[in-house]
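Worksheet for the structure shown next.
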Amino acid sequence: MTRDDLVVGGAILGFFAVSTASLIACGHAFPAMHVWRSGITAEAILGTAIMAIFIPAFAAGRFSFGYLVSFSLLSAVFGFVWLSFFSAFDYPHAIARWAMIAALAAAMIPLMFQTCRSGGPTCRKRPSNALRCCCWRRPSPC
């Protein structure tokens, strides 16, 4: 692991800490929107801590569009896992949490580690016309 990988891992851990603090603060500021049960906050913190298993994937992955999408999905699943501890709805919460974590893992693998290049705009070295500069080339096969 390089120093940059440790910085990325630390930044994501910091994101988790700030998100947890924000969710707790919002729960206290807007009690009608958040169902608080005594003693469940510690359980929710430990339950969302399992999301730290994804940090090595972000440290190993190269920055790309898939990286951004994966981080957005991680944020959404993190929020879902947190809120599912406080949900008053009648469904199997633990199964829903693990299903979301599994779906996140299944989505992140191709998004973060895709090596196929798709076609994008390319410019000729000496375009004869400024409008012809951005031409689309065919996508190369994977």
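The values are calculated or read from the model by the stated rules, or taken from the named source; none is laboratory data. Note that the structure is predicted; figures quoted are calculated from it, not measured. Cβ: placed from backbone, ideal geometry, glycine included. Neighbour counts: every protein chain shown. Protein only, heavy atoms only, side chains kept; ligands, DNA and RNA dropped before computing areas. Shrake-Rupley method; radii C 1.70, N 1.55, O 1.52, S 1.80 Å.
Could you work out how much longer the chain between Leu83 and Ile53 gets when fully extended? Use 0.36 nm per residue separation minus the Cα distance between them, nm to one decimal. Write out the running numbers ahead of the final one.
Values: separation 30, 0.36 × 30 = 10.80 nm, distance 1.92 nm.
Extra length from Leu83 to Ile53 when fully extended: 8.9 nm.
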Cα-derived Rg over Rh, computed across the range 1-99 with Rh taken as Kirkwood radius: 1.01
If a paramagnetic tag sat 7 Å from the Cα of Arg62 along the Cα-Cβ line, which residues of the range 86-115 would have the backbone N under 13 Å from that point? 112-115
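With a 1.4 Å probe and every protein chain kept in, tell me what percent of the accessible surface of the range 12-114 is carbon plus sulfur.
76
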In nanometres, the difference between 0.36 nm per residue of separation and the alpha-carbon distance of Ile95 and Val18 is 25.1 nm
For Leu46 paired with Thr2, estimate the spin-label separation in nm (one decimal), with each label point 7 Å from Cα along the Cα-to-Cβ line. 3.8
